[in-house]
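Right, one structure below, let's go through it.
The values are calculated or read from the model by the stated rules, or taken from the named source; none is laboratory data. Because the structure is predicted, anything quoted here is derived from the model rather than measured. Here the Cβ positions follow ideal geometry from the backbone for every residue, glycine too, while neighbour counts run over all protein chains shown. Protein only, heavy atoms only, side chains kept; ligands, DNA and RNA dropped before computing areas. Shrake-Rupley method; radii C 1.70, N 1.55, O 1.52, S 1.80 Å.
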Amino acid sequence: MKAFMEEYGVIVVAAIIIMIIVVAASPIGESIKDGIIAAVEKLTTALGTTKVV
């Protein structure tokens with residue numbers, strides 16, 4: 001697994017970043033973004049931590 005990440009880690013991270021940009025640029029990206037933000041807010045509330053802006 002370590003060798004795989006050393007070999008393909010940069011490619012995997014780049015692909016994830018590109019997909020986030022593509023999804024964020026599409027109309028459905030807004031609903032996905034809102035869902036992620038809501039989930040993070042629920043998590044931070046449950047953990048009792050302050051929200052980082």
Would you check if residue 12 is modelled with pLDDT under 80 and assigned to a helix (DSSP H, G or I)?
no
Would you pick out the residues in the range 5-19 that are open to solvent by 80 Å² or more (accessible area, probe 1.4 Å) and in contact with a helix residue (DSSP H, G or I) (Cβ under 9 Å, 6 or more places away or on another chain)?
5
Pairs under 9 Å by beta carbon, first residue under 24 Å from residue 2 (Cα atoms) in the range 12-27, partner open to solvent by less than 100 Å² (accessible area, probe 1.4 Å), six or more apart or different chains?
12/5
